[in-house]
Every structure is written in C-alpha cells, then in structure tokens.
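Bear in mind these aren't lab numbers, they're just calculated from the coordinates by the rules spelled out. Keep in mind it's a predicted model, so treat the numbers as computed, not measured. Don't worry about glycine lacking a Cβ; one is built from the backbone with ideal geometry, like all the others, and counts go over all protein chains shown.
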Amino acid sequence: MSHVRLAVPFGFYGWGNIGDESTLQGFGRLISRYRGEIGVWVASRSPAHTARIEPSFSYYNAVGRDVRRWWAQSRAGANVFVGGTPIMDTLGTWPLSEVIPLVSSVRDKGLPIVFLGIGTEHLLRQDSKSLFAQKLAPHVLHWSVRCSRDKLRLEEYGVASDRVTVAADLAWMLDPVTSSFGRDCLTQLGQDLQSTFIGVNINSEEFVVKRYPEMLENFAMLLDRLVEEKGVRILFFCNEIREGETFDKAASRKVMDRMSRRSSAFLVPNEYWSPQQMLSLISLCRFTISMRYHFCLFSALQGVPFVAVKRSDKVDDLCWDLNWPYSVSLAEMCDSGLLSKVSVMDQDRARVSRDLSAGVRVMRERAATNSIVMDRLLASVRDGSPR
C-alpha cells in the first residue's frame, strides 16, 4: 500500500492540558495499527513537549513562523482534527474562530477532512450554529464522536447522520499504569503514603463563578467535612497547568485558603506531567472529585471511583455514557449533595469498582471504532476524492 501523509492542524496540543495529550497518545495507538501505512504531522503549542509525550509523530509550531508547517501542509494528502471539543462556544468565539479558517484552508486545496474522536457542546449563539452549518457541516468527510449525544448535536447543526460514527474518546485506548511513579513522587514531596488520599481537580471558569459565586467557599466547607468525618487527606491536582485565575492551580489555592482544615490539604506541584504520571498519581487515591472530563476518565482507567462535577455538556455526557450515577450539578457541588454522593459511592466500593471496570471495558472497545473514520479517509485519499 502507498504511504499516506496526514496533517493535524488544530494546534491545541502542548498548551498545558494533560488530558489533551492523552488523546494524542490514543491517536498514536490507533495509527500504530496501520503498520507504517500513515505518516502524521501534528500542530503543537510546544513541539518539544508533545514529541516527548507521543514520539511516533512529527510536530510543527501551531503559532508563529515555522517552515515545518508549510512542509506538513504541502505534503499532506488529508487533514484530521483529532480529539478535544472543537464544537463549542461557551468560552466565546474560540475554538470555532480557529477551526473554521483551518477547515476552509484545507477545503480550498481540495483535500479530504475528518474529525476524529471529538466532543461537542450545545452551541449557545445563533451565529455559531449558522457558521457551523455553512462552513463546517458540508465540508467534512466523516466524524467520529465520543457518544451518541454528540452525534445528535451534529445532526441538529446540519451534519447527515450517515457521516457520524459514535465511537469514544481516544484516551480510552491508554492502558492503566502502576502506582510506582506516584508513590515515589508523593514520598519525595513529604506525603505519608499511609494516609487515605482524596484527589480533587477543580477550576473556576468565569461562566461557572458567575452562576455560583459561592462555589469555592462552599466547596471548601464540604472538603472540611470530608476531612473531619472520614479522616482523609486532600490532594489537589492540576490537569490544566496554565497559570491564571480561572485555571486549576489558582482555583485549588483559593479553596485551600478557605478550608479550616488547611493542614490536611496539599497542592501537588503544577507540573506538565505526562498522562501516565498523572494516572499513577491518581491510583493512590481512594476516590476523586473533578470538574474536568479527562481527570474523570483518568480515574476510571485506574479503577478509582470518582464524583464528577457536571460543569459542561462533556462531563455530563461522560457520566451518562458510562451509566455512572456518582455525579453532581454545580448547584449540588455547593451543598450537601456532593457529600451524599461520596458516602453512597464509598459505602459499596467493591460493587462500584466492578461497575466502573465494566464501563471502562465498553469504552475501550468503542474507542477502537475510531478506525472506521480513518479507513474512510484513507479510501478517499486513494480515490483522489475529498468527499
């Protein structure tokens, strides 16, 4: 078979989100099944970091001048938008403001385009829906999505049903890891491994805090109650390492500063861990509480029960898709609803762990079906047809 070169132009990788790199690794595992038939260039905000995390691809700078970008795009036979949540507008015009020009550029070259293993959110603005219908829906060969809710959204916005495959997030293709790294890391940080750790991953995005300005204060009180009632130690993790008031480090510090049991909480250093290092750290927790999609997914992969805070469609979708009842709304995060979920989950941990393991097996099998889109893309490239 002839060698096919692909470009992955949406350069959100290497931008500080450990969950993003887990989908990149999952993509690497999917591509490895084609036994050298495919070569891939990936846009990255930090090519050196992503090359270390997933060395099977070549990388170029997503921003600024880089001759490798020209080389990748000039040699590519097709473009793939891999992972993430490119269809959303809760944060404003981005990411559609970046995705649409990229798709238009590829379309003008007559190259096929697919979206692989992506998530979606409800579009809040009519102009976002119109742009999607005009600029994206007609020009994408095929889509694979995380769950059937994503498919329904795409259909609502103008994508034909037969162009969407319900698969799963590519990160489900990662294997669980041992606790070795996590144990060594926490020991070096002076943490007593005999403690019962509860992992917490929180952020304070503007739209969340605007709706629930008391969220951080109330969450701190709930964590104090967990410490008092269960004798646990709280570990705050940063799955998104960028600095700023809305990101994980700042939000964790704000919660810790509000805790009366501050001595029972610890902020794990805000390092750009590999997904495997984060998985290992999570494995030391009895359970986790998270507002981020991939931190919940990491917990599931490691067999660690989690309480998901449904701050977005994708987190809600994950729990629905896994048939996972241990989730709370943002409102419940601010009251005793969170503690009741923790108690119910912790009381029957053996059964909960079995249910979680069964759900993970299903998701891993579904993640492999992203290959349906890759097969269609390769057929299109070899036929010389972008549609």
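Qualifying GluC sites (Glu not before Pro) in the range 1-101, where qualification requires a DSSP coil assignment and no more than 13 other C-beta atoms within 10 Å, comprise Glu37.
Hey, with R₀ at 56 Å, roughly what FRET efficiency would Arg75 and Gln188 work out to, going by the Cβ-Cβ distance, to 0.05?
Values: r = 45 Å, r/R0 = 0.80.
About 0.80, to the nearest 0.05.
Rounded to whole numbers, the Karplus 3J(HN,Hα) couplings from phi for the range 347-354 are 5, 10, 4, 4, 5, 4, 5, 5 Hz, using 6.51 cos²θ - 1.76 cosθ + 1.60 with θ = phi - 60°, and x at Gly and Pro.
A simple spin-label model places pseudo-atoms 7 Å from Cα toward Cβ; at Ser32 and Ser97 they are separated by 3.8 nm.
Dividing the Cα radius of gyration by the Kirkwood radius, what Rg/Rh value follows for the range 106-145?
On the way: Rg = 11.3 Å, Rh = 11.3 Å.
Reported Rg/Rh (Cα atoms, Kirkwood Rh): 1.00.
Using the rule -39500 (n - 2.57) for each DSSP H run of four or more residues, divided by the residues of the chain, the 222 nm mean residue ellipticity is -13500 deg cm²/dmol.
In order along the range 59-74, phi translates into HN-Hα couplings of 10, 9, 5, 6, 10, x, 8, 7, 4, 5, 5, 4, 4, 4, 6, 6 Hz, rounded to whole numbers, per the Karplus curve 6.51 cos²θ - 1.76 cosθ + 1.60 with θ = phi - 60° and x for Gly and Pro.
In the frame of its principal axes, the range 290-370 has Cα extents of 40, 29, 17 Å, reported largest first.
For the range 124-207, the list of GluC sites (Glu not before Pro) that fall in a loop by DSSP and count at most 15 other C-beta atoms within 10 angstrom is empty.
Enumerate lysine pairs in the chain that are 8 or more residues apart or on different chains, then count those whose Cα atoms are under 16 Å apart. Intermediate values should be presented prior to the final figure.
Values: Lys109/Lys135; Lys129/Lys151; Lys151/Lys314; Lys210/Lys254; Lys210/Lys310; Lys230/Lys341; Lys310/Lys341.
The number of close lysine pairs in the chain is 7.
Across the range 180-363, counting alpha-carbon atoms alone, Rg and Dmax equal 15.1, 41 Å. Qualifying trypsin sites (Lys or Arg not before Pro) in the range 18-109, where qualification requires a DSSP coil assignment and no more than 10 other C-beta atoms within 10 Å, comprise Arg35, Arg65. Here the label points at His122 and Arg52, each 7 Å from Cα along the C-beta direction, are separated by 4.1 nm in the simple model. Here the Karplus curve 6.51 cos²θ - 1.76 cosθ + 1.60, taken at θ = phi - 60°, turns the phi angles of the range 118-125 into couplings of 8, x, 9, 10, 4, 6, 8, 10 Hz, with x standing for Gly and Pro. Calculated on the alpha-carbon coordinates, the convex hull of the chain measures out at 130 cubic angstrom per residue.
Amide hydrogen proximity for Phe236: with H placed 1.01 Å from N in the peptide plane, the residues at 5 or more positions away or on another chain lying under 5 Å are Val200, Phe266, Leu267, Val268.
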